[in-house]
């Protein structure tokens, strides 16, 4: 498996890189965004991730004028998407704040202008959302930067995944994340057995997991199965208003998840059967 270096972080078989997905859970509030960054920092995440869209491009025409009931009153869906989108001023402050806190940040670009916006901010790496895996124009633009790319594979066929990977080529610093894109994803649809298959099929790339399930256990199992990147949505409160809040994890869930991910190598051990020092005492007492 190839290693990926993002700034001073190296992702390899010997580590797990944790991305705390803020996404749009900030609800357009820079104050909430900073609180979510703090949540990630306190619990030891390696990076936080946002989503960047140009609503004029990303909102389908048939959706633009649909009414939307929001905490800020009734508005059209297009107005709502504009309302929660961060611009240059907010992202410059996010960049400053993350540097102050010592955590990496990026955002998933959902269109070419959003990619160009993020490139002007010189993000350290790019995350490609599952929905954009088949957007060849975007993938080619991102490839030109030569920056590390983390690619989610939810709602995609094996042929579509192979097509996206082929755009980057075997020598590119690319990571591939297994993912189910339902929010939340049902237990029976997680299919974590696909992780070792991805590792076998794409030995040149880092393999990870982007989870949208309820709870934290499946994400720990994903690490046991070989995931070297884990991405989970985070929230201040799962009851908060917003489409992704219920499929996110709060402070205690994030704390326990990162704690237990770090324990996985300890739990797995070296695979050599031996009588441990603690067992020797029990052995002397119980063996006849």
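Quick note: the coordinates plus some simple rules give every number you see, no bench work behind them. Every value quoted in this text rests on a predicted model; they were computed, and no experiment measured them. In this analysis, Cβ positions are derived from the backbone assuming ideal geometry, glycine residues included, and neighbour counts consider all displayed protein chains.
What the table below lists for this structure:
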| read-out | value |
| --- | --- |
| Cα-Cα pairs of the stretch 86-243 separated by more than 18 Å (percent) | 62 |
| Theoretical FRET efficiency, 1/(1+(r/R0)^6), r = Cβ-Cβ of residue 121 and residue 31, R0 25 Å, to 0.05 | 0.80 |
| Anisotropy class of the stretch 180-280 from Cα gyration tensor, a/c 1.5 cut | oblate |
| Three-way shape label, the stretch 48-99, alpha-carbon gyration tensor, a/c 1.5 | prolate |
| C-alpha center-to-center spacing [the stretch 229-286, the stretch 1-74] in angstrom | 23 |
| Gain upon complete extension [residue 63, residue 42; 0.36 nm per residue less C-alpha separation] | 3.7 nm |
| Rounded, prolate or oblate (a/c below 1.5 giving rounded, otherwise prolate when a/b exceeds b/c) for the stretch 194-240 by Cα gyration tensor | prolate |
| The chain, relative contact order [Cα under 8 Å, separation at least 6], % | 20 |
| Two-site FRET efficiency, residue 167 against residue 131, from Cβ-Cβ distance with R₀ of 22 Å, rounded to 0.05 | 0.85 |
| Label point distance in nm, residue 281-residue 74, each placed 7 Å from Cα along Cα→Cβ | 7.0 |
| Computed lengthening from residue 260 to residue 158, 0.36 nm per intervening residue step minus Cα-Cα distance | 33.7 nm |
| Debye intensity ratio I(q)/I(0), log10, the chain, q values 0.10, 0.12 Å⁻¹ (C-alpha model) | -0.54, -0.76 |
| Alpha-carbon gyration tensor eigenvalues x 5, square-rooted, for the stretch 65-135, Å | 26, 18, 10 |
